[in-house]
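Chemist: I am attaching a structure below and will ask some questions about it afterwards.
What follows draws every value from the coordinates through simple rules; no lab data is involved. Since the structure is predicted, the reported quantities are computational estimates derived from the model, not experimental observations. Note that we place each Cβ from the backbone using ideal geometry, even for glycine, and neighbour counts take in every protein chain shown.
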Amino acid sequence: MAASKKKVPPLPVIRVVERIRAALTVLNRKLTPPPLALFEMIAAASTAQAVCAAAQLGIADALAAGPRDLADLAADIDADPDYLRRLLRWLISQDIFTQHPDGTYGLTPLAEPLRADAPVSMRNFALFIGSPQHRQYWSYLSDAVRTGAAVIPEGMDGLPFFDYVRKDREFGAVFDGAMTSISELMLEPMLAAGHFNRFGTIVDVGGGRGRLLAEILARAPETRGVLFDLPEIVADVQAPDRCTVVAGSFFDTVPEGGDAYVLKHIVHDWADSEAEKILRTVHRAMAGSARLLLLEVVLPEGNRPHRGNFLDLEMMVSAGGRERTEREFRELLTAAGFELVRITPTATPDSILEARKAE
């Protein structure tokens, strides 16, 4: 399916809106008694689980064709009418779904992305966040902070996160779907900022099933691609035109001959020692004129609000990885033999970090 061609607002406009939102959030908290403000922050977990429940029940999909009354909706999704009404009451108070004057329920702009067939669907991401496995990881956050390492919850067969998702393919499919959701959210702004058509051959390292690379090649008709990931991930991938699929592990080797090596959301999955090993593997494969493109969140220095801070905790409790500041990226790249050339922000939390081999 082609990426949405909806126009991305200019980056300065997005940054102004983000600053206004942050200021209003701070003002709201300052005007609220501290115990009540903290209560609301703690109780926000229930909102997340309510959204996840709506995704699991398929409420948005059931309302896609138009408003429906409670009894009809409950029967369609196999839910108890009274419990469904109470769930919807909370979600409606958060502007997710609406109830019309005639009593029927319908979609709102915030409910639309919960549809499985939405242009940019968040349903799979909600299914992942609401899964029992994900909740288990977050219940061990304090243990991760104490030990300085990701914790393997009971019931995970004693396996690290990425090993477990490869073994439990039902949960692995949920995780894969969530990552696809995030990729769709980031895709259009990333393509707009990347100027990928300047490269003759692009190697997508850890590129999954090739969604990003396919879109790059569709917009860069003179560019060729190499999709590289683990054998079980790329085994049945249908390569797009001008693309070769290669199986392997980026801890061992990556294909040579690329003009650009793209790593999207790869190094944040790993602690510095493993991330450096991955980057050194790429360094060995690169010619002197090639470029390394890291598509990652770049955290601001200090403690100001940023969406990447949530992702940093996610990496902490699950994979043992981390989000990084510009300074931390420079240090990591230098240790792996690279020199950071530039950082290109996008209209999402992600940036494009371009590096070359250090002289």
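Chemist: If you take the C-alpha gyration tensor of segment 234-335, multiply each eigenvalue by 5 and take the square root, what semi-axes do you get, largest first, in whole Å? Can you show the working numbers first?
Modeler: Details: eigenvalues 143, 54, 34 Å².
Equivalent-ellipsoid dimensions as semi-axes: 27, 16, 13 Å.
Chemist: For segment 11-119, what is the charge dipole size about the Cα centre, in debye to the nearest 20, if Lys and Arg each add +1 at the Cβ and Asp and Glu each add -1 at the Cβ? Mind dumping the intermediate values first?
Modeler: Details: 10 positive and 13 negative charges, 170 e Å.
Its charge dipole is roughly 820 debye.
Chemist: Give me the percent relative contact order of segment 98-220, please, defined on Cα pairs under 8 angstrom at least 6 residues apart. Before the final figure, lay out each step's value.
Modeler: On the way: 83 pairs, mean separation 25.0, N = 123.
Reported as a whole number, the value is 20 percent.
Chemist: With Cβ to Cβ distances under 12 Å as the rule, what net charge do the other residues near Asp61 carry (K, R +1; D, E -1)?
Modeler: On the way: positive: Arg68, Arg115, Arg123; negative: Asp76, Glu112, Asp117.
Residues close to Asp61 contribute a combined charge of 0.
Chemist: Which of Ser121, Ser139 has the fewest other C-beta atoms within 10 Å, and how do the rest follow up to the most? Present the calculation step by step, with values, prior to reporting the outcome.
Modeler: Working: Ser121 21, Ser139 12.
Starting with the residue having the fewest Cβ neighbours, the order is Ser139, Ser121.
Chemist: Now for a different question. Can you tell me the dipole magnitude for segment 161-357 around its Cα centre, using point charges on the Cβ only (Lys, Arg +1; Asp, Glu -1), in Debye to the nearest 20?
Modeler: Details: 23 positive and 31 negative charges, 104 e Å.
Approximately 500 debye in magnitude.
Chemist: Between Glu359 and Arg29, what FRET efficiency follows from the Cβ-Cβ distance if R0 is 51 Å, with the result rounded to 0.05?
Modeler: On the way: r = 49 Å, r/R0 = 0.96.
According to the calculation, E is roughly 0.55.
Chemist: How do 254-263, 290-299 rank on mean C-beta neighbours within 10 Å, highest first?
Modeler: Working: 254-263: 20.8, 290-299: 22.3.
Ranked from most to least packed, the peptides come out as 290-299, 254-263.
Chemist: Let me ask something else about it. Which helices pass in the chain if a helix is a full DSSP H run, must span at least 15 angstrom along its long axis by Cα, and must have mean Kyte-Doolittle hydropathy not below -1.0? Before the final figure, lay out the partial values.
Modeler: Numbers: long enough: 11-30 (29 Å, 0.48); 34-57 (35 Å, 1.18); 81-93 (18 Å, -0.15); 169-194 (35 Å, 0.58); 272-285 (20 Å, -0.86); 307-317 (16 Å, 0.27).
Helices passing the filter in the chain: 11-30, 34-57, 81-93, 169-194, 272-285, 307-317.
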